[in-house]
1. Which ones in region 1-37 are free of Cβ contacts under 8 Å to residues at least 40 places away in the same chain and of a type in the set (Gly, Ala, Ser)?
2. Within region 28-50, does at least one residue satisfy the condition of being over 30 Å from residue 95 (Cα atoms) and surrounded by 13 or more Cβ atoms within 10 Å (Cβ to Cβ)?
3. Across region 10-27, which residue is farthest from residue 94 (Cα to Cα) among those that are touching a Phe, Trp or Tyr at 6+ places or on another chain (Cβ under 8 Å) and crowded, with 16+ Cβ neighbours inside 10 Å?
4. Given the conditions (1) surrounded by 15 or more Cβ atoms within 10 Å (Cβ to Cβ); (2) under 19 Å from residue 91 (Cα atoms); (3) among the aromatic types (Phe, Trp, Tyr), and given that residue 3 satisfies all but one, which numbered condition is not satisfied?
5. Limited to region 44-70, what total is found for residues that are under 15 Å from residue 87 (Cα atoms), in contact (Cβ under 8 Å) with a residue 40 or more places away in the chain and of a type outside the set (D, E, K, R)?
6. Just to be sure I understand, how many residues within region 8-52 are assigned to a helix (DSSP H, G or I) and of a type in the set (Val, Ile, Thr)?
7. Looking only at region 60-73, decide whether some residue is at pLDDT below 70, part of a helix (DSSP H, G or I), out of contact with any strand residue (DSSP E or B) (no Cβ under 6 Å at 6 or more places or on another chain) and within 22 Å of residue 7 (Cα to Cα).
8. Go through (1) at negative phi; (2) in a loop (DSSP other than H, G, I, E, B); (3) at pLDDT 80 or above and name the single condition residue 5 misses.
Amino acid sequence: MPYCTKCGAPLKEADKFCPVCGASAAKVTREEYTVSSNNLVDRVAELLREGNVTRIIVKDEKGKQLLEIPATVGVIGAVIAPWLAALGVIAALVTNCTMVVERRE
């Protein structure tokens, strides 16, 4: 499900504008990566620094969602620390993860 880049409200796939704030709904593309647990934290930190990422979802080998990181968190460095700590715990529990990365176009 896409989210508004301005207010964070959930959007339907066909929405051209946010029903809450009226902002234009940006086109979002989804990419999936398989990452080993050793590289998970580094890869997520790298993606958040890119700036065009709106959301990162981390899933286990079975496809169960373990963590969802909204892009607004990536803007503020001090707020990202708890997310990275949670990723460290996830990396210790699983061997391979699938990351779903949503990007604004």
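The values are calculated or read from the model by the stated rules, or taken from the named source; none is laboratory data. This is a predicted model, so every value here is computed, not measured. For neighbour counting, all protein chains shown are included, and Cβ atoms are generated from backbone atoms with ideal geometry for every residue, glycine included.
1. Our first condition is that a residue be free of Cβ contacts under 8 Å to residues at least 40 places away in the same chain; within region 1-37, this holds for 1, 4, 6-7, 9-25.
Listed by number, the residues that qualify are 9, 14, 22, 23, 24, 25.
2. No - not one qualifying residue is present in region 28-50.
3. Ranking the qualifying residues of region 10-27, first place goes to 25.
4. Of (1) surrounded by 15 or more Cβ atoms within 10 Å (Cβ to Cβ); (2) under 19 Å from residue 91 (Cα atoms); (3) among the aromatic types (Phe, Trp, Tyr), only one is false for residue 3: (2).
5. Counting residues in region 44-70 that are under 15 Å from residue 87 (Cα atoms), in contact (Cβ under 8 Å) with a residue 40 or more places away in the chain and of a type outside the set (D, E, K, R) gives 6.
6. Qualifying residue count for the region: 2.
7. yes
8. With (1) at negative phi; (2) in a loop (DSSP other than H, G, I, E, B); (3) at pLDDT 80 or above applied to residue 5, the lone miss is (3).
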